[in-house]
1. For the structure I just gave you, tell me whether residue 198 is surrounded by fewer than 17 Cβ atoms within 10 Å (Cβ to Cβ), closer than 24 Å to residue 296 by Cα, in contact with a helix residue (DSSP H, G or I) (Cβ under 9 Å, 6 or more places away or on another chain) and modelled with pLDDT under 75.
2. Take the stretch 44-72 and flag every residue that is surrounded by fewer than 22 Cβ atoms within 10 Å (Cβ to Cβ) and within 30 Å of residue 246 (Cα to Cα).
3. For the stretch 356-373, does any single residue satisfy the condition of being assigned to a loop (DSSP other than H, G, I, E, B) and in contact with a strand residue (DSSP E or B) (Cβ under 6 Å, 6 or more places away or on another chain)?
4. Of the residues in the stretch 11-34, how many are closer than 20 Å to residue 241 by Cβ, out of contact with any helix residue (DSSP H, G or I) (no Cβ under 6 Å at 6 or more places or on another chain) and either modelled with pLDDT under 95 or not in a helix (DSSP H, G or I) (or both)?
5. Just give me the residues in the stretch 390-430 being under 30 Å from residue 305 (Cα atoms) and buried (at least 19 other Cβ atoms within 10 Å of the Cβ), in sequence order.
6. Give the stretch 117-129 a look and list any residue that's in contact (Cβ under 8 Å) with a residue 12 or more places away in the chain and surrounded by fewer than 20 Cβ atoms within 10 Å (Cβ to Cβ), or say none.
7. Residue 314: under 17 Å from residue 97 (Cα atoms), assigned by TED's automatic domain parsing to the domain that holds residue 366, surrounded by 19 or more Cβ atoms within 10 Å (Cβ to Cβ) and in contact with a helix residue (DSSP H, G or I) (Cβ under 9 Å, 6 or more places away or on another chain), yes or no?
8. Looking only at the stretch 291-310, filter to residues that are part of a loop (DSSP other than H, G, I, E, B) and in contact with a helix residue (DSSP H, G or I) (Cβ under 8 Å, 6 or more places away or on another chain); which one of those is surrounded by the most Cβ atoms within 10 Å (Cβ to Cβ)?
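The values are calculated or read from the model by the stated rules, or taken from the named source; none is laboratory data. Keep in mind it's a predicted model, so treat the numbers as computed, not measured. Counting neighbours? That spans all protein chains shown, and the Cβs are built from the backbone with ideal geometry, glycine included.
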């Protein structure tokens, strides 16, 4: 058994940031990453002359210290990108975030009147907001049933794979920066005060893709040993502390005796690795903390540009994917000058039909629809590539908080274990939130 000061499980943004902070404090660490590359979701895939991020990423923060830290890390590799995203629905484009006046005019008078009528009716009833409030009730009470049924419901159910009545309102609070249709109209007419995250007109982005940020952070983690293609298989503890961790490598199993453990691996996986195992009720709760998977279909196209958008959102069921991003609109170097590419994001569950679909099956179900809508011609498609991510987003079902709390209570009995990151804490963090949380966790290291 090798004695280590800090053992970091997971080499995504959270784990690599932890290794960096520890290095800056003069503390050694070992990072264990199951994939062949570090970065996790914050990873850029290289495909010939092209690059694409898994899911697309933008760097923005309300925390000046976090933003400064990222800028310092990136240095000359940071570029500022003007944000433009839209919704494609009913054969038309709508601004995203939704601009009410734009939406009302494009929907036409009858639908617009329904939107306004159902909104006013909802506001008279008051806004729903409690731990047991569903996504559906939260959105309907703030935007009305018509706008909810037109966009929020179909897109959200495509994204999460469950009925909106089963989804916690925490997801709405995390992603919808305006609290009502009135607020949205007020911001569109008089955009003053603090800019909500989803309304930020620009964002930072690393030249060459989001992996540039990860690589630069890793370069600063000078006291870290980063092990890839490795996976923890057993986490032994005495009820108060983690005593040892076994890790499977290409050359066999190695053991560590860590003074401290930082985990960003999926929380249900962490619980399964504990030896001895916790109470069966805790194991059951951890198993019910589910993650949404992501399949990215990357397509190279023989034309200089498809759109000027960062993201385009597709809420209609006829489109099997939910989002499309064009990497070249984030950084011109992501594609050759005379060509471009798009990445289609299919949200699914590991093991379902979408997860198991072949590249050809995904392409044949989606590319003809985009060609029909006028985005590009099928004979302009040159090549394709697919990437699958099993733990992309925590699914915040109604009642998840109590289950998560019981699991955290059990894990907090282990004094030398700290959880970080989106998958590690089962919290919908953005990149800046992950960095901020890791700084807080290691403040006294």
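1. For residue 198, the condition - surrounded by fewer than 17 Cβ atoms within 10 Å (Cβ to Cβ), closer than 24 Å to residue 296 by Cα, in contact with a helix residue (DSSP H, G or I) (Cβ under 9 Å, 6 or more places away or on another chain) and modelled with pLDDT under 75 - is met.
2. Residue satisfying the conditions is 45 alone.
3. Looking through the stretch 356-373, none of the residues is assigned to a loop (DSSP other than H, G, I, E, B) and in contact with a strand residue (DSSP E or B) (Cβ under 6 Å, 6 or more places away or on another chain).
4. 4
5. Of everything in the stretch 390-430, those that are under 30 Å from residue 305 (Cα atoms) and buried (at least 19 other Cβ atoms within 10 Å of the Cβ) turn out to be 392, 393.
6. The answer is 117, 118, 120, 121, 123, 125, 126, 127, 128, 129.
7. Spelling it out, residue 314 is indeed under 17 Å from residue 97 (Cα atoms), assigned by TED's automatic domain parsing to the domain that holds residue 366, surrounded by 19 or more Cβ atoms within 10 Å (Cβ to Cβ) and in contact with a helix residue (DSSP H, G or I) (Cβ under 9 Å, 6 or more places away or on another chain).
8. Selected residue: 310.
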